[in-house]
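Some notes on the structure that comes next.
The values are calculated or read from the model by the stated rules, or taken from the named source; none is laboratory data. These numbers were taken from a predicted model, which means no experiment stands behind them. No Cβ is skipped: glycine too gets one built from the backbone with ideal geometry, and neighbour counts run over all protein chains shown. All accessible areas refer to the heavy atoms of the entire protein, side chains included, with ligands and DNA or RNA removed. Shrake-Rupley method; radii C 1.70, N 1.55, O 1.52, S 1.80 Å.
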Amino acid sequence: MINLSTSRRKIEHLEHCAQRPVESKDVTSGFDDVMLVHRALPQINMDAIDLSTEFLGRKLKAPFLIASITGGHPDTKPVNAALAEAAEEMGVGIGVGSQRAAIEDPEQEDSFSVVRDVAPNAFVYGNIGAAQLREYDIEAIERLVEMLDADAMAVHLNFLQEAIQPEGDRDATGVLEAIEEVCSLKVPIIAKETGAGISKEDAQMLKEAGVSAIDVGGVGGTSWSGVEVYRARESGDKVFEDLGNLYWDFGIPTVSSVLECRNYLPVISTGGVRTGLDIAKSLSLGAYAASAALPFVAPALVGKDAVVESLSAMLNELRVAMFLCGCGNVNELRTESKAVVTGWTKEYITQRGFDVKEI
């Protein structure tokens, strides 16, 4: 059944992210609590640093993914095209927004499939909400994979946003079993939070369900509760506006969530990643890759070259960080660099039973 409200919601989300302050207000991602140990004698050539890595069986030129942003409305097609062209040129990965709209309305498929059309060699992952998995059979999810010739499929966990949306799906029963069924697909499944983080308890359950990787999507970046505040305000719904404001910063910050999940599955660090230094800190703490969405929304509205410019700056910042840590490649950054965790993040992970000395 075609649900036009789903398609309209997609363009509303994109517009709010592009035009309004939607990031966390009072809780940070935790990167300011992480200090990389500087090596005054790096003994490597910065220009020879190798940013390439392998993730879920695919080679990337850098340990970075353009996180799921949009799709599902005709106006989102050029945005996804610009993002995908940049990903292809830079050799990084890219995800699409929820493909639910394409299930409900096949006319929206090209707003997603354009990603593979213009990025034939990129690592591309599809996307569907965990709350919607019970609505569709496994064949429908397979069609979403085929739509993109996807290298992986993300199942996003956005129950905070669902709770804030007037039209949200607030029934989470049977979701883990549905994820386990999806893990029977021939592509890797990424469990992806969308701004509230993932705990070690959930990481353990996701691993047992057969998930291949975790995208922590922690607090510190875009607040989807915050995005819903603007939608509620525009519709005059004071109850949901107040609810969204209350939960604007709810969840586990990104750095803490990376530390919660890193011993269970390969981790993607998402949520407030804004610089190459943030990427370096993420990998030093055990992530396999980092990703971001919001920094590329405005550039994507301009075009591919603006996205490439933003990506290039971020990856150059990563290269500088690796040089100053004496790491000639990504594996050395993950396994040999040292990081010191301080402040609120140290307090959090200590109370959660982690040994700071092991970091």
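Within region 20-39, residues that are under 27 Å from E336 (Cβ atoms) sit with their Cβ atoms under 7 Å from residues that are open to solvent by 90 Å² or more (accessible area, probe 1.4 Å) and of a type in the set (D, E, K, R), at 6+ positions apart or across chains, in these pairs: D33/K346; V37/K338.
Just to be sure, is T70 open to solvent by less than 50 Å² (accessible area, probe 1.4 Å), out of contact with any strand residue (DSSP E or B) (no Cβ under 8 Å at 6 or more places or on another chain), closer than 24 Å to V211 by Cα and in contact (Cβ under 8 Å) with a residue 60 or more places away in the chain? Spelling it out, T70 is indeed open to solvent by less than 50 Å² (accessible area, probe 1.4 Å), out of contact with any strand residue (DSSP E or B) (no Cβ under 8 Å at 6 or more places or on another chain), closer than 24 Å to V211 by Cα and in contact (Cβ under 8 Å) with a residue 60 or more places away in the chain.
Residues in region 282-306 that are within 16 Å of the chain's Cα centre (by Cα) and open to solvent by 20 Å² or more (accessible area, probe 1.4 Å): Y288, A293, L294, P295. In region 338-359, the qualifying residues are those that are at pLDDT below 95 and part of a loop (DSSP other than H, G, I, E, B), and the one that is farthest from Q43 (Cα to Cα) is G353. When each of A150, A140 is tested for being over 29 Å from T345 (Cβ atoms), of a type in the set (A, V, I, L, M, F, W, C) and in a loop (DSSP other than H, G, I, E, B), the lone residue that passes is A150.
Residue by residue, here is whether (1) within 20 Å of V79 (Cβ to Cβ); (2) out of contact with any Lys or Arg (no Cβ under 9 Å at 6 or more places or on another chain) holds:
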position	(1), (2)
V255	no, no
G276	no, no
Y288	no, no
P295	yes, no
A298	yes, yes
E309	yes, yes
L324	no, no
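For A313, the test of being in contact with a strand residue (DSSP E or B) (Cβ under 9 Å, 6 or more places away or on another chain) and either charged (D, E, K, R) or at pLDDT 95 or above (or both) is failed. For M90, the conditions (1) open to solvent by 20 Å² or more (accessible area, probe 1.4 Å); (2) at pLDDT below 95; (3) of a type outside the set (G, A, S) are fulfilled apart from (2).
Going through (1) more than 21 Å from G93 (Cα to Cα); (2) open to solvent by 30 Å² or more (accessible area, probe 1.4 Å); (3) in a helix (DSSP H, G or I) one by one, E162 falls short only on (2). The helices (runs of 4 or more DSSP H) falling completely within region 202-316 that include 2 or more residues that are touching a residue at least 60 places away in the same chain (Cβ under 8 Å) and either within 30 Å of P166 (Cα to Cα) or of a type in the set (D, E) (or both) map to 224-234, 238-246, 254-261, 297-302. Consider region 173-199 and keep the residues that are open to solvent by 50 Å² or more (accessible area, probe 1.4 Å) and among the charged types (D, E, K, R). The one that is nearest to I66 (Cα to Cα) is K186. Scanning region 43-64 for residues that are open to solvent by 30 Å² or more (accessible area, probe 1.4 Å) and in contact with a Phe, Trp or Tyr (Cβ under 8 Å, 6 or more places away or on another chain), we see that the one that is nearest to T350 (Cα to Cα) is L56.
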